[in-house]
1. Looking at (1) out of contact with any strand residue (DSSP E or B) (no Cβ under 7 Å at 6 or more places or on another chain); (2) more than 16 Å from the ligand (Cβ to nearest atom); (3) charged (D, E, K, R), which is the one condition that is false for D360?
2. For region 196-218, which residues satisfy the criterion of being hydroxyl-bearing (S, T, Y) and buried (at least 20 other Cβ atoms within 10 Å of the Cβ)?
3. Can we say A60 is farther than 22 Å from S196 by Cβ and under 38 Å from the mean Cα position of the chain (by Cα)?
4. P280 versus (1) in a loop (DSSP other than H, G, I, E, B); (2) at pLDDT 95 or above; (3) surrounded by fewer than 23 Cβ atoms within 10 Å (Cβ to Cβ): which is the lone unmet condition?
5. So which of H166, H155 ends up being of a type outside the set (S, T, Y), free of Cβ contacts under 8 Å to residues at least 24 places away in the same chain and over 30 Å from L225 (Cα atoms)?
6. I'm trying to understand the selection: among the residues of region 375-386, which are assigned to a helix (DSSP H, G or I) and either in contact with a helix residue (DSSP H, G or I) (Cβ under 9 Å, 6 or more places away or on another chain) or under 13 Å from D360 (Cβ atoms) (or both)?
7. What do you reckon, is A262 of a type in the set (G, A, S), modelled with pLDDT of 95 or more and outside any helix (DSSP H, G or I)?
8. Which members of region 356-387 meet the condition of being hydroxyl-bearing (S, T, Y) and in contact with a Leu (Cβ under 9 Å, 6 or more places away or on another chain)?
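The values are calculated or read from the model by the stated rules, or taken from the named source; none is laboratory data. This is a predicted model, so every value here is computed, not measured. Because the Cβ atoms are built from the backbone with ideal geometry, glycine has one as well, and the counts that use them run over all protein chains shown.
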Amino acid sequence: MALWGGRFQEPTNEDLRKLNDSLPYDRRMAKQDIQGSIAYAKALGLAELLSPDEVDHMVAGLSQVLTEFEDGSMQFSANDEDIHTAVERRLTELIGSVGGKLHTGRSRNDQVATDFRLWVMQGIEQMNHAIRQLQHALIEQSQQQLTTLIPGYTHLQLAQPITVAHWLMSFFWMLERDRDRLRDAHRRTSSLPLGSGALSGNVFNIDRQFLAGELGFASLCQNSLDAVSDRDFVAETLFGFSMVGVHLSRLAEDIILYSNPAFGFVRLNDRYSTGSSLMPQKRNADPMELARGKSGRLIGNLTGLLTTLKGLPSGYNKDLQEDKEAIFDSTDTLLQLLPVVTAIVQTLQLNQVAMQEALDETMLATEIADYLVHKGLPFREAHHASGQIVLYAETHQCNLSAIPLEVYQEVSALFESDVFDLFDYHLAVAKRTASGGTAPSAVQQQLEQALACLVGDW
Ligand code: ARG
């Protein structure tokens, strides 16, 4: 018999049953559902709706159901519409009709909101852990590459030389903001809906503060109508996960590009590259393409949920059942992806020679402008003068360092023979010492800041 069978005279249509049932996926919340029910049984005891004996019975029965889930012996029945129904049905089989008292004053609306918040919180915690592993890998690679140079790009055109450490660490900070965002989402998720009933509150004067304490929620939802239908916490977690995906996708794109033989800067370890079934020479960066591709799917989950939420009338609506698959999928997707990306960063082979050879003296044109600035020329004029030098190099097809001093001096009388000292990539990099810059000394500080971010759990 369905939980709500009393007022119906005919059985539910089979197709509708399949459409309506969420058990195939919400069984993933079994643990959270049972935790919530144990806490609720205790609260019913405190409210004297259950005798101490009944509470003990119920807690033992619920623990038994949890064991059955964990050891795989839990049997489902055709009428188990969702995880909440299945747990209550099994509890009643185990402890008899007293099991039917568990739902006193509770609705599946406040129950599912509670279970789901608990699930999302642990999902965020797992994600935090997986992101941290990648951050550690970025730090470790960077520590090895503090003075290795790589071209820095804007508009994907050669811009200025930077260090490999600086390039890699840029992703550390993206991920650091992601963790911060997720911690924030976790804080707002940690608000208890239980005790809100179906929509209007609980008539049995349940101690919600007690429930929050038992379940580890930091606060109580303050409005029962909002509590049962609020899924902001899902949306913002999906956004947080999408943002991680977008960052991974950008890292992936760099690695795909840099592993192209035209660049040849990096090479993926054999264990993390794939070949072609037809072209024997191929060496593809499939995992990085998957990282780039999966970000689309993460964004899709977020967009789907927001679209579901946007027109809902007040109170619980069954549309809300669509919240779960989105986050389960995004969580699984990212938890599968992050360890692979981490291993790729850890095992990435860097070709210092190729990176060095890709540097071009025109990338030092800014140095020429800065040189004139140091000699007192306003930057705009210095920029123009440097541009003329670059034009000369281009029309004469020569390097900036090969242009005769006389030509420099025709452009600006401020040029002296020390202008040729500028043509040293390491020197150009070493000058960017202001905090946040690419100079090895600044990157060293950056690394220390980064390590400090990883002290503690968040
Ligand atoms: N399976 C439902 C969900 O996931 C549980 C809540 C059902 N509530 C209801 N009033 N039908 O949203």
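1. Single failed check for D360: (1).
2. S196
3. yes
4. (2)
5. H155
6. Across region 375-386, the qualifying residues are F379, E381, A382, H383, H384, A385, S386.
7. It is true that A262 is of a type in the set (G, A, S), modelled with pLDDT of 95 or more and outside any helix (DSSP H, G or I).
8. Answer for region 356-387, where residues must be hydroxyl-bearing (S, T, Y) and in contact with a Leu (Cβ under 9 Å, 6 or more places away or on another chain): T362, Y371, S386.
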